[in-house]
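Engineer: Got a structure here, written out as structure tokens. Questions coming.
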Amino acid sequence: MIAFLKLLFRNKLATLGAVVLTVIVILVLMTPLLPLPDPDVTATADRFKRPLTGGHLLGTDHLGRDLLSRLLWGTRLSLAVGVAAAVIAAFLGSAIGITAGYFGGKVDNIFMRGVDMLMAFPYILLALAIVAALGPGLMNALIAVAAVNVPFFARNIRGITVGLAGREFIDAARLAGMGHTRIILTELLPNVLPVIIIAMSTTVGWMILETAGLSFLGLGSQPPQADLGSMLGEARSALISHPHTSVVPGIMIFLIVMSINLLGDGVRDALDPRLRSGALSRPLPTTLVDRKGEVPPATDDLLAIQELATQFHVGKRIYRAVDGVSLAVKPGECLGVIGESGSGKSVTALSVMGLVASPPGVITGGAVRFQGEDLVGAPYETLRRRRGDRVAYIFQDPLSTLHPLYTVGHQLAESIQSHHDVSSSEARNRAIQLLKDVRIPNVESRLDNYPHEMSGGMRQRVGIAMAMANEPDVIIADEPTTALDVTVQAQILALLNDLRRERGLAIIFITHDFGVVAQLCDRMAVMYAGRIVEEGPTGDVLAHPLHPYTKRLIACVPELGEGRRELAAIPGLPPVVDDLPPGCSFAPRCDKAQDRCRAGDVSLDRSGVRAVRCLYPEEAL
Ligand code: ADP
Ligand code: MG
């Protein structure tokens, strides 16, 4: 809640809206306590007094009634009616939307066709018709305004609910034996509530306007009762001769609607989870670069990540997700990057092609060189041409990276055509060849499958085929086999290995599985809290880890048939990267840590074939 308010008030316009609205609300709440004249008492002798004359701060209207008093009492009424209409419309609309979306089928049809019928009439006409049928009066205006807004909520909420109703957590609730009411109230409602609040906050202003409109036409509040609309309506005939009688309610309507809309927009932005973690803007096409310090010189590696630092700036917090990471691959080489979840592996991988979401991500130092050319801060067009063409990615979950509405053949062809000027039939032939390369059987029929028609292993093959589509020089695979079972995993690894040998492909393979690293990688690097703590040839590192962290990690891996060995879990959790301890970040969990480890920065010792960031490394052989 505090975080939400902080985020909301970082938006200056929303703050302005909140301040104006608060002042108005406080004023109307205090109205009965203020020493104001009776708003309905007429004094024809005092007609059309100008503001600030005869003890009337805002002057008087055509019947000599005090305008300030009428304004405050009228605002009170208008706000109450508008908010009540919004609450009623939101409640009824959401109830209809959730019920229709959750039950689907016939219920959905009946409810939604009813809503469609309401929507078939022009908005204001419908409200007018309802008031005409019920008779003029503020209560009936309220009912009319609420009724015409029900479809808006019903449609919105139904859309969200339909998406949620098919999700696994609803199935799980059903399996747990919960009844419909309970599922709707405890599982669905919390998920749609933010949407309801957003829809309400952006429509309250509109409903206040509609109520004022009906009153203006004489269909809402009846004389002598004042609300903002009726005040405007009564002042209409004196608009030219005594403009202050119209200006006063006019400005109030303007202030209310403006402040509610600004605040509503602010609430919507602050509740949007995509915007919650960052500043109030959408991600940029490339990661922001704010590089301080020197850029490391070029090397002869195919892809070199040099002293890369990527941070997330969230409010005043700075998360050092990647802090001075250097990695390099040569053609045909496979480098494994291993580390616990949250150690910065994915952020390192995404930084290579400027794919870290910005805001909040910022690359604050180092370089990424592809064939010597620095990609950090390169123009978007340069990066775009390299992405997927020279450097390709394979991600963990192909179901979320493949588009659900296109066939895999279409998507493969598209990834080729976005970099090469080839005809559709040529791209299709190439897609067939690619799927054959990744050993998918019956390729011709599989080509027209949608992603959901394939198994997990099959989809991951499509993911690999897509990465291979433009014969890249480097593939960055971010836990591509974590979601697969061991047999499929072994096939996928064998496949990647073949591709690397056949085509001289360089692979950066990110995983937390030592078995996978041992099988595939020539060299490996171990990451902890955004830094490399150990690097070297895979066999050496696995046989004789130098860093205590690597040693403890390896000790956590169960061995087949060695049931009696006790698994030594590492106590504690990886540190949160916005508040790293000084010195070695592993020191708090390390049983060999000395005072020196906690005192100052520990540098990565790259003197030999092996590199290790530790003051008291294990003995090398
Ligand atoms: P992994 O090694 O599991 O792939 P990541 O690279 O995804 O880890 O994450 C590294 C660190 O960056 C994590 O500690 C995470 O908290 C932080 N991080 C990632 N994305 C964001 C973000 N949008 N805002 C703040 N911190 C983030
Ligand atoms: Mg990751």
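The values are calculated or read from the model by the stated rules, or taken from the named source; none is laboratory data. Given the structure is predicted, the values throughout are model-derived calculations rather than measurements. Positions of Cβ are generated from backbone atoms using ideal geometry, with glycine treated the same way; all protein chains shown enter the neighbour counts. Just the protein is used for accessible areas: all its heavy atoms, side chains included, with ligands, DNA and RNA removed. Shrake-Rupley method; radii C 1.70, N 1.55, O 1.52, S 1.80 Å.
Engineer: How about region 419-454: which of its residues are within 27 Å of residue 506 (Cα to Cα), open to solvent by less than 70 Å² (accessible area, probe 1.4 Å) and in a loop (DSSP other than H, G, I, E, B)?
Structural biologist: If we filter region 419-454 for residues that are within 27 Å of residue 506 (Cα to Cα), which is where we start, we get 419-422, 426-441, 443.
Narrowing further to those that are open to solvent by less than 70 Å² (accessible area, probe 1.4 Å): 419, 422, 427, 431-432, 434-435, 437-438, 440, 443.
Listed by number, the residues that qualify are 419, 422, 438, 440.
Engineer: For residue 355, indicate whether it is more than 8 Å from ligand 1 (Cβ to nearest atom), aliphatic (A, V, I, L, M) and open to solvent by 10 Å² or more (accessible area, probe 1.4 Å).
Structural biologist: On the way: more than 8 Å from ligand 1 (Cβ to nearest atom): yes; aliphatic (A, V, I, L, M): yes; open to solvent by 10 Å² or more (accessible area, probe 1.4 Å): yes.
For residue 355, the condition - more than 8 Å from ligand 1 (Cβ to nearest atom), aliphatic (A, V, I, L, M) and open to solvent by 10 Å² or more (accessible area, probe 1.4 Å) - is met.
Engineer: To continue, here is another question. Among the residues of region 189-200, is there at least one that is among the small types (Gly, Ala, Ser), touching an Asp or Glu at 6+ places or on another chain (Cβ under 9 Å) and in contact (Cβ under 8 Å) with a residue 24 or more places away in the chain?
Structural biologist: First pass over region 189-200, keeping only residues among the small types (Gly, Ala, Ser): 199.
After this cut, where a residue has to be touching an Asp or Glu at 6+ places or on another chain (Cβ under 9 Å) as well, the list is none.
Within region 189-200 (the criterion being among the small types (Gly, Ala, Ser), touching an Asp or Glu at 6+ places or on another chain (Cβ under 9 Å) and in contact (Cβ under 8 Å) with a residue 24 or more places away in the chain), the answer is no, since none of the residues qualifies.
Engineer: Looking at 219, 214, which one is over 21 Å from the mean Cα position of the chain (by Cα), in a helix (DSSP H, G or I) and touching a residue at least 12 places away in the same chain (Cβ under 8 Å)?
Structural biologist: Answer to the selection: 214.
Engineer: Return the residue satisfying two criteria in turn: it lies in region 178-188 and is open to solvent by less than 60 Å² (accessible area, probe 1.4 Å) and free of Cβ contacts under 8 Å to residues at least 12 places away in the same chain, and of such residues it is nearest to residue 99 (Cα to Cα). First the steps, then the outcome.
Structural biologist: Step one: filter region 178-188 for residues open to solvent by less than 60 Å² (accessible area, probe 1.4 Å), giving 178-179, 183-184, 187-188.
Now restrict to residues that are free of Cβ contacts under 8 Å to residues at least 12 places away in the same chain: 178-179.
On the way: 178: 16, 179: 14 Å.
Of everything passing the filter in region 178-188, 179 is nearest to residue 99 (Cα to Cα).
Engineer: A further question on this structure: What residue, among those in region 320-338 that are near ligand 1 (Cβ under 10 Å from one of its atoms) and more than 18 Å from residue 522 (Cβ to Cβ), is nearest to the chain's Cα centre (by Cα)?
Structural biologist: Applying the first criterion (near ligand 1 (Cβ under 10 Å from one of its atoms)) to region 320-338 yields 320-322, 337-338.
After this cut, where a residue has to be more than 18 Å from residue 522 (Cβ to Cβ) as well, the list is 320-322.
Values: 320: 20, 321: 19, 322: 21 Å.
That would be 321.
Engineer: Can you name the residue in region 314-367 that is in contact with a Gly (Cβ under 6 Å, 6 or more places away or on another chain) and within 13 Å of ligand 2 (Cβ to nearest atom) and is also farthest from residue 505 (Cα to Cα) among such residues? Before you say what the answer is, go through the steps one by one.
Structural biologist: Taking region 314-367 and keeping what is in contact with a Gly (Cβ under 6 Å, 6 or more places away or on another chain), we get 320-323, 331-332, 344-345, 359-360, 365.
Retained after the next criterion (residues that are within 13 Å of ligand 2 (Cβ to nearest atom)): 321-322, 344-345.
On the way: 321: 28, 322: 25, 344: 24, 345: 20 Å.
That would be 321.
Engineer: Checking residue 136 against (1) touching a residue at least 24 places away in the same chain (Cβ under 8 Å); (2) assigned to a helix (DSSP H, G or I), which single condition isn't satisfied?
Structural biologist: (2)
Engineer: Quick one: would you say residue 375 is open to solvent by less than 20 Å² (accessible area, probe 1.4 Å), free of Cβ contacts under 8 Å to residues at least 24 places away in the same chain and either touching a strand residue (DSSP E or B) at 6+ places or on another chain (Cβ under 8 Å) or of a type in the set (A, V, I, L, M) (or both)?
Structural biologist: Working: open to solvent by less than 20 Å² (accessible area, probe 1.4 Å): yes; free of Cβ contacts under 8 Å to residues at least 24 places away in the same chain: yes; either touching a strand residue (DSSP E or B) at 6+ places or on another chain (Cβ under 8 Å) or of a type in the set (A, V, I, L, M) (or both): yes.
Yes, satisfied.
Engineer: Tell me the residue from 407, 401 that is over 23 Å from residue 517 (Cα atoms), within 16 Å of ligand 1 (Cβ to nearest atom) and touching a helix residue (DSSP H, G or I) at 6+ places or on another chain (Cβ under 9 Å), please. Steps first, please.
Structural biologist: Details: 407 fails: within 16 Å of ligand 1 (Cβ to nearest atom).
The match here is 401.
Engineer: Same structure, new question: Give the residue, chosen from 346, 341, that is open to solvent by 20 Å² or more (accessible area, probe 1.4 Å), at pLDDT 90 or above and near ligand 1 (Cβ under 9 Å from one of its atoms). So that I can check it myself, show each step before the final result.
Structural biologist: On the way: 341 fails: at pLDDT 90 or above.
Unique residue meeting the criteria: 346.
Engineer: Still on this structure, please answer the following. Go through region 467-495 residue by residue and tally those that are over 30 Å from the mean Cα position of the chain (by Cα) and in contact (Cβ under 8 Å) with a residue 40 or more places away in the chain.
Structural biologist: The number of residues fulfilling the criteria is 5.
Engineer: Moving on to the next point. Hey, among 516, 462, which residue is in contact (Cβ under 8 Å) with a residue 60 or more places away in the chain, over 30 Å from residue 365 (Cα atoms), more than 16 Å from ligand 1 (Cβ to nearest atom) and within 34 Å of the chain's Cα centre (by Cα)? Give the derivation first.
Structural biologist: Values: 516 fails: more than 16 Å from ligand 1 (Cβ to nearest atom).
Going through 516, 462 in turn, just one is in contact (Cβ under 8 Å) with a residue 60 or more places away in the chain, over 30 Å from residue 365 (Cα atoms), more than 16 Å from ligand 1 (Cβ to nearest atom) and within 34 Å of the chain's Cα centre (by Cα): 462.
Engineer: Which residues, counting only those in region 222-232, are free of Cβ contacts under 8 Å to residues at least 24 places away in the same chain and more than 18 Å from residue 58 (Cα to Cα)? Full working, then the answer.
Structural biologist: To start, the set of residues in region 222-232 that are free of Cβ contacts under 8 Å to residues at least 24 places away in the same chain comprises 223, 232.
223 - this is the single residue of region 222-232 that is free of Cβ contacts under 8 Å to residues at least 24 places away in the same chain and more than 18 Å from residue 58 (Cα to Cα).
Conditions (1) out of contact with any Lys or Arg (no Cβ under 6 Å at 6 or more places or on another chain); (2) closer than 30 Å to residue 602 by Cα; (3) away from ligand 2 (no atom under 16 Å from the Cβ), marked per residue:
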position: 502; (1), (2), (3): yes, no, yes
position: 510; (1), (2), (3): no, yes, no
position: 524; (1), (2), (3): yes, yes, yes
position: 539; (1), (2), (3): yes, yes, yes
position: 554; (1), (2), (3): yes, yes, yes
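Engineer: Something else about it: Name every residue in region 519-533 that is in a strand (DSSP E or B) and more than 16 Å from ligand 1 (Cβ to nearest atom), in order of residue number.
Structural biologist: Step one: filter region 519-533 for residues in a strand (DSSP E or B), giving 523-528, 531-533.
523 - this is the single residue of region 519-533 that is in a strand (DSSP E or B) and more than 16 Å from ligand 1 (Cβ to nearest atom).
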